[in-house]
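S.K.: Let me begin by handing over the structure; questions about it come next.
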Amino acid sequence: TQSTRPQRMLAAVQKNATRGDPRSVVKAIDQFCRQKEWAMNVGDEKGCILDSVVSEVNPATVLELGTYCGYSTVRIASLLPPHAKLITLEFNPDNAVIARQVIAWAGLEDKIQLVEGASGDWIPKMKEEFGVKTFDLVFLDHWKDRYLPDTKLMEECGLLRKGSILLADNVICPGTPDYLEYVRNSPRYKSQYFKSHLEYTKVEDGLEKSVFLG
Ligand SMILES: Nc1ncnc2c1ncn2[C@@H]1O[C@H](/C=C/CNC(=O)c2cc([N+](=O)[O-])cc(O)c2O)[C@@H](O)[C@H]1O
Ligand SMILES: [Mg+2]
């Protein structure tokens with residue numbers, strides 16, 4: 001039977017990346033997406049901006065919305081300090097199956113908890129289910145019309161503290177206009193746009209970094 005793109009991406013990781021070497025997993029996926037098939041990973045150009053924000057924040061707790069195949073999950077987790085934890089939410093079971101294997105190949109199972117389900121259902125349960133108080137960093141990369149409602153939900157559930165960082169992918173392409181308007185105009189956030197390009201293309205896109213002011 002016909003394979004899926006995520007399955008072919010995983011095969012490329014298992015063929016070209018070294019087990020236990022997260023950066024080689026990232027490199028293998030970028031190579032696959034540049035040379036074989038485009039896929040909606042944050043990619044290498046925006047990935048460098050992601051790396052610099054993760055390194056600057058040095059977070060103990062990270063939430064990722066939208067695992068997909070685990071590219072940004074592995075990229076972020078490879079930079080976390082010891083004992084730091086990353087929870088990533090993915091509601092498509094087929095994608096979750098692939099992402100778990102990509103995470104395992106990178107050897108990052110101990111730092112990453114992949115939770116299958118919808119962000120809207122799980123955000124309210126973060127404290128009771130995972131003992132999380134607040135998140136130091138949230139990476140938003142799921143359906144673009146969910147960025148704003150989920151941000152408001154995280155505020156309501158007390159998952160953000162003074163200084164928590166939201167980093168959002170695709171604020172230009174495909175675009176998240178309502179989210180952008182909110183974080184740029186709300187007195188509760190200090191926002192900054194990092195101009196870049198849509199993964200593996202020359203189309204403009206960028207990341208929006210927003211500090212929650214409490
Ligand atoms: N509420 C939710 N809870 C849990 N998981 C959820 C979710 N909503 C979506 N997901 C999952 O997150 C991924 C979706 C990403 C949407 N990105 C995109 O649509 C996207 C598109 C382009 N593009 O078209 O160029 C470029 C990009 O960088 C993109 O991230 C999928 O794996 C999906 O199953
Ligand atoms: Mg994206």
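S.K.: Using the basic label-point model (7 angstrom from Cα toward the beta carbon), what is the Tyr193 to Ala11 distance in nanometres?
M.R.: It works out to 4.1 nm between the two label points.
S.K.: What is the magnitude of the charge dipole of the chain about its Cα centre, with +1 placed on the Cβ of each Lys and Arg, -1 on the Cβ of each Asp and Glu, and no other charges, expressed in debye to the nearest 20? Each step should come with its number before you reach the end.
M.R.: Numbers: 27 positive and 29 negative charges, 81 e Å.
Here the chain has a charge dipole of around 380 debye.
S.K.: I would also like to ask the following. I'm checking a number: the convex hull volume of the Cα atoms of the stretch 1-94, normalised per residue, in Å³. What is it? Don't skip to the answer; put the middle values down first.
M.R.: Values: hull volume 9.7 nm³, N = 94.
It comes to 103 Å³ per residue, whole-number rounded.
S.K.: Taking every DSSP beta bridge that has both residues in the chain, what percent is antiparallel when rounded to the nearest 5?
M.R.: Working: 13 of 31 bridges.
In the chain, approximately 40 percent of DSSP beta bridges are antiparallel ones.
S.K.: For Lys202 and Gln113, what is the calculated FRET efficiency with R₀ set at 30 Å and r taken between the beta-carbons, to the nearest 0.05? The partial results should precede the final answer.
M.R.: Values: r = 36 Å, r/R0 = 1.20.
E between Lys202 and Gln113, to the nearest 0.05, is 0.25.
S.K.: First check a/c for the chain, with a ≥ b ≥ c the square roots of the eigenvalues of its C-alpha gyration tensor; if it is under 1.5, answer rounded, and if not, answer prolate when a/b is larger than b/c or oblate otherwise.
M.R.: On the way: a/c = 1.66, a/b = 1.34, b/c = 1.23.
Prolate, since a/c reaches 1.5 and a/b exceeds b/c.
S.K.: Could you give me the ³J(HN,Hα) list for the stretch 58-70, computed from phi with Karplus coefficients 6.51, -1.76, 1.60 and θ = phi - 60°, whole Hz, x at Gly and Pro?
M.R.: 3J(HN,Hα) across the stretch 58-70, in whole Hz: 6, x, 8, 10, 10, 10, 10, 9, x, 6, 6, 9, x.
S.K.: OK, next. Using a 1.4 Å probe over the heavy atoms of the protein chains, calculate the carbon and sulfur portion of the accessible area of the chain as a whole percent.
M.R.: Details: 5180 of 9700 Å².
Carbon-and-sulfur percentage of accessible area, whole number: 53.
S.K.: Give the shape of the stretch 48-133 as rounded, prolate or oblate, defined through the alpha-carbon gyration tensor: a ≥ b ≥ c are the square roots of its eigenvalues, a/c under 1.5 means rounded, and otherwise the shape is prolate if a/b is larger than b/c and oblate if not. Kindly include the intermediate steps, with their values, before the conclusion.
M.R.: Values: a/c = 1.66, a/b = 1.15, b/c = 1.45.
Verdict is oblate for the stretch 48-133.
S.K.: Looking only at GluC sites (Glu not before Pro) in DSSP loops with at most 15 other Cβ atoms within 10 Å, what is the longest site-free stretch of the chain?
M.R.: Details: sites that count: Glu37, Glu109.
Free of exposed loop sites, the longest segment is 110-214.
S.K.: With an 8 Å cut-off on Cα pairs and a minimum separation of 6 or more residues, tell me the relative contact order of the chain in percent. The partial results should precede the final answer.
M.R.: Values: 412 pairs, mean separation 42.5, N = 214.
Averaging sequence separation for qualifying contacts and normalising by length gives 20 percent for the chain.
S.K.: How far is helix 22-35 tilted, in degrees, relative to the longest principal axis of the Cα atoms in the chain, given as a value from 0 to 90 rounded to the nearest 10?
M.R.: Between helix and principal axis, roughly 70 degrees.
S.K.: Starting from the Cα gyration tensor of the stretch 99-149, take the square roots of the eigenvalues, sort them a ≥ b ≥ c, and report rounded, prolate or oblate (rounded when a/c is under 1.5, otherwise prolate if a/b is larger than b/c, else oblate). Provide the component values of the computation, followed by the final result.
M.R.: Details: a/c = 1.95, a/b = 1.34, b/c = 1.45.
In terms of gyration-tensor shape, oblate.
S.K.: May I ask you to give the solvent-accessible area per residue for the stretch 28-138, in square angstrom, as obtained with a 1.4 angstrom probe? Mind dumping the intermediate values first?
M.R.: Working: 4470 Å² over 111 residues.
For the stretch 28-138, the per-residue accessible area is 40 Å².
S.K.: Which residue fluctuates most in the GNM of the chain (Cα springs below 10 Å): His197, His83, His142?
M.R.: Among His197, His83, His142, the largest GNM mean-square fluctuation belongs to His83.
S.K.: Moving to a separate point now. Would you look at the GNM of the chain, springs on alpha carbons closer than 10 Å, and say which of Phe130, Phe32, Phe139 moves the most?
M.R.: Between Phe130, Phe32, Phe139, it is Phe130 that shows the largest mean-square fluctuation.
S.K.: Divide by every residue of the chain the summed helix terms, -39500 (n - 2.57) for each DSSP H run of at least 4, and state the resulting mean residue ellipticity at 222 nm, rounded to the nearest 500 deg cm²/dmol. Numbers along the way, then the final one.
M.R.: Numbers: 9 runs with 90 residues, N = 214.
The helix contribution divided over the chain gives -12500 deg cm²/dmol.
S.K.: Now for a different question. For the chain, modelled as a Gaussian network with Cα springs under 10 Å, which listed residue fluctuates most, Tyr147, Tyr68, Tyr182?
M.R.: Among Tyr147, Tyr68, Tyr182, the largest GNM mean-square fluctuation belongs to Tyr182.
The values are calculated or read from the model by the stated rules, or taken from the named source; none is laboratory data. Owing to the predicted nature of the structure, the values given are computational and were not obtained by experimental measurement. Here Cβ is always computed from backbone atoms with ideal geometry, including for glycine, and neighbour counts include all displayed protein chains. The protein model used for the area step is the full one, side chains on, heavy atoms only, and it has no ligands, DNA or RNA in it. Shrake-Rupley method; radii C 1.70, N 1.55, O 1.52, S 1.80 Å.
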